[in-house]
Amino acid sequence: MYKNSMAASERGLRTIRFCRKVQEKTFEPDDEISSFAQLKKVIKDIWQFYS
């Protein structure tokens, strides 16, 4: 997953990391969430960013 996220970020795509428990960060995503409830807000923010 790390390589896919890194490749996406290098191409200018925003990345979201879904992490329910604390893990070592091998990549710094644009956003990090721990529940699907947070996903709606992050997607809204991304949509506004690209609009």
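What follows draws every value from the coordinates through simple rules; no lab data is involved. In this text the structure is predicted, and so the values were computed from the model without any measurement. Counting neighbours? That spans all protein chains shown, and the Cβs are built from the backbone with ideal geometry, glycine included.
Numbers for the structure displayed
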item	result
Relative contact order %, the chain, counting alpha carbon pairs below 8 Å whose residues are six or more apart	30 percent
Nonlocal Lys pairs with alpha-carbon distance under 21 Å, the chain (8 or more apart, or different chains)	4
Computed FRET value (nearest 0.05) for Lys44 with Glu24, which takes r as the C-beta separation and R₀ as 22 Å	0.15
In order through the stretch 15-24: 3J(HN,Hα) via Karplus (6.51 cos²θ - 1.76 cosθ + 1.60), integer Hz, x for Gly, Pro	10, 10, 9, 9, 9, 7, 9, 4, 9, 5
Other-chain or far-sequence residues with amide H under 5 Å of Arg17's (modelled H)	Asp31, Glu32, Ile33
Karplus 3J(HN,Hα) series, Hz, for the stretch 35-44 with 6.51 cos²θ - 1.76 cosθ + 1.60 (x for Gly, Pro)	8, 5, 4, 7, 4, 4, 5, 5, 5, 4
